[in-house]
Amino acid sequence: MNEQNLRVVIIGGGPAALTAAIYASRANLDTTVIAGYQSGGQLMLTSEVENFPGFPEGIMGPELMDGMRRQAERFGSKFVDADATRVDFSARVKKVFVEDEVYEGEAVIVATGASAMWLNLPSEERLRGRGVSSCATCDGFFFRGKEIAVVGGGDSALEEALFLTKFATKVTLIHRRDKFRASKIMQDRAAKHPKIEIVPDTVIEEVLGENKVEGVRVHNFKTGETRVIPLDGVFVAIGHRPNTDIFNGWLDMNEKGYLTVQNETETNVKGVFVAGDVYDYRYRQAVTAAASGCKSALDAEHYLEALAGEPAEILTAQNW
Ligand code: NAP
């Protein structure tokens, strides 16, 4: 076995996967990226990215993703624009399936990310990127001097609400109950903040506005009141869901489905590495995802280098 036919399959299409692809293909590994039907990850849903280093004027999310992909292709990465549907990690040569098609690699990097959960209102979907966002760090800056709402009652919602007070003149925190999941300290901070108004027992029935957000129509369960709150932006912070269904039974996960790692990038299966939001629910930034893609590719490369020294019968063994 020589360097050329050491294969790595990367599952995912966001900054973690694409950075892993750049590093793996530059290391002369035979690199296949199963990038998904919606290649590009969550950055395809944002508009301008202003906090990715190296772009002083900002860059559009899809453009950044396109640049990363072309960079990976330049070094020989091959792309499959379809979703991985199944994996088989039982042997040393791992299999990743796209329906009946199988892609094999001595190493696999899982970078399938997490998806923001949405309220699933048609008006919310229509106004996404036009005042409706799921990322305060990405989009908060655009709401300088404006009034906004944050939806949710967990740490993410309260953290986003507090962060957004730096820009907005008023933050209305809308939560469907009067008890919060968020830590006590975050609840105290939000309750004391002069720019935050907490609206409990309330759901958003509709996001109002034709081409941009102009308000929300809300309903209070306890009082039965329905009213309109005029505002310019809605941040939905009701949690994320890691895209790990196909790894059930193969990879260790926590109770919320995030993959668990050891030594930074390793999973419980030798040769399967992890990168980005699929395990990192804390930072969730394009730049941290890219950094972890780099780490997982370097670790996969070291793993494959060690494999390359082993006899062929061990490499092809089905049970190991
Ligand atoms: P979370 O704790 O699961 O909270 C989600 C919130 O959204 C809950 O209040 C929930 O309401 C609400 N919600 C869910 N579906 C909804 C719907 N359809 N409509 C309206 N509201 C809905 O999620 P998270 O806040 O993203 O936190 C995830 C994990 O990351 C947690 O373990 C959290 O502690 C951690 N985290 C930590 C930090 C930090 O330490 N700095 C920051 C962020 C997140 P109910 O309460 O009624 O279910």
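The values are calculated or read from the model by the stated rules, or taken from the named source; none is laboratory data. The structure presented is a predicted model; accordingly, all values stated were derived computationally and were not measured. Backbone-built Cβ (ideal geometry, glycine too); neighbour counts: all protein chains shown. The protein model used for the area step is the full one, side chains on, heavy atoms only, and it has no ligands, DNA or RNA in it. Shrake-Rupley method; radii C 1.70, N 1.55, O 1.52, S 1.80 Å.
Could you list, in sequence order, the residues of the range 236-269 that are within 12 Å of the ligand (Cβ to nearest atom) and either within 28 Å of residue 37 (Cβ to Cβ) or open to solvent by less than 80 Å² (accessible area, probe 1.4 Å) (or both)? Before the answer, list the steps.
Let us first name the residues in the range 236-269 that are within 12 Å of the ligand (Cβ to nearest atom), namely 236-242, 254-258.
Within the range 236-269, 236, 237, 238, 239, 240, 241, 242, 254, 256, 257, 258 meet the criteria.
Could you list, ordered by first residue, the pairs with Cβ atoms under 6 Å in which the first is in the range 193-208 and over 11 Å from residue 172 (Cα atoms) and the second is of a type in the set (D, E, K, R), at least 6 apart or interchain?
201/178; 201/222; 203/176; 205/217; 206/217; 207/124; 208/214
Tally time: how many residues in the range 276-293 are within 13 Å of the ligand (Cβ to nearest atom) and outside any loop (DSSP other than H, G, I, E, B)?
1
With the structure loaded, tell me whether residue 73 is of a type in the set (D, E, K, R), open to solvent by 20 Å² or more (accessible area, probe 1.4 Å) and touching a helix residue (DSSP H, G or I) at 6+ places or on another chain (Cβ under 7 Å) or whether it fails that test. Outline the logic, then answer.
Details: of a type in the set (D, E, K, R): yes; open to solvent by 20 Å² or more (accessible area, probe 1.4 Å): yes; touching a helix residue (DSSP H, G or I) at 6+ places or on another chain (Cβ under 7 Å): no.
So residue 73 fails the test.
Which residue out of 20, 24, 16 is out of contact with any strand residue (DSSP E or B) (no Cβ under 7 Å at 6 or more places or on another chain) and either assigned to a loop (DSSP other than H, G, I, E, B) or buried (at least 19 other Cβ atoms within 10 Å of the Cβ) (or both)? Reasoning before the result, please.
Numbers: 20 fails: out of contact with any strand residue (DSSP E or B) (no Cβ under 7 Å at 6 or more places or on another chain); 24 fails: out of contact with any strand residue (DSSP E or B) (no Cβ under 7 Å at 6 or more places or on another chain).
Among 20, 24, 16, only 16 is out of contact with any strand residue (DSSP E or B) (no Cβ under 7 Å at 6 or more places or on another chain) and either assigned to a loop (DSSP other than H, G, I, E, B) or buried (at least 19 other Cβ atoms within 10 Å of the Cβ) (or both).
To keep it simple, each residue is scored yes or no on (1) in contact (Cβ under 8 Å) with a residue 24 or more places away in the chain; (2) away from the ligand (no atom under 16 Å from the Cβ); (3) part of a helix (DSSP H, G or I); (4) surrounded by 16 or more Cβ atoms within 10 Å (Cβ to Cβ).
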residue: 141; (1), (2), (3), (4): yes, yes, yes, no
residue: 145; (1), (2), (3), (4): yes, yes, no, no
residue: 158; (1), (2), (3), (4): yes, no, yes, yes
residue: 162; (1), (2), (3), (4): yes, no, yes, yes
residue: 168; (1), (2), (3), (4): yes, yes, no, yes
residue: 173; (1), (2), (3), (4): yes, no, no, yes
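Tell me the strands (runs of 3 or more DSSP E) entirely within the range 87-133 that contain at least 2 residues that are more than 25 Å from residue 289 (Cα to Cα) and modelled with pLDDT of 95 or more. Full working, then the answer.
Working: elements: 94-98, 101-105, 107-110, 114-116.
Those strands (runs of 3 or more DSSP E) span 101-105.
Assuming residue 309 fulfils every condition listed in (1) in contact (Cβ under 8 Å) with a residue 24 or more places away in the chain; (2) within 17 Å of residue 7 (Cα to Cα); (3) exposed (fewer than 12 other Cβ atoms within 10 Å of the Cβ) apart from one, which condition is it?
Among (1) in contact (Cβ under 8 Å) with a residue 24 or more places away in the chain; (2) within 17 Å of residue 7 (Cα to Cα); (3) exposed (fewer than 12 other Cβ atoms within 10 Å of the Cβ), residue 309 violates only (1).
Report yes if some residue within the range 202-209 is under 21 Å from the mean Cα position of the chain (by Cα), more than 30 Å from residue 274 (Cα to Cα) and more than 10 Å from the ligand (Cβ to nearest atom); otherwise report no. Can you show your working first?
Within the range 202-209, the subset under 21 Å from the mean Cα position of the chain (by Cα) is none.
No, that holds for no residue.
Is at least one residue of the range 176-191 open to solvent by 80 Å² or more (accessible area, probe 1.4 Å), of a type outside the set (S, T, N, Q) and away from the ligand (no atom under 14 Å from the Cβ)?
In the first step, residues of the range 176-191 are kept if they are open to solvent by 80 Å² or more (accessible area, probe 1.4 Å); the result is 176-177, 179, 181, 184-185, 189.
Applying the additional criterion that residues be of a type outside the set (S, T, N, Q) yields 176-177, 179, 181, 184-185, 189.
Now restrict to residues that are away from the ligand (no atom under 14 Å from the Cβ): none.
Within the range 176-191, not a single residue is open to solvent by 80 Å² or more (accessible area, probe 1.4 Å), of a type outside the set (S, T, N, Q) and away from the ligand (no atom under 14 Å from the Cβ).
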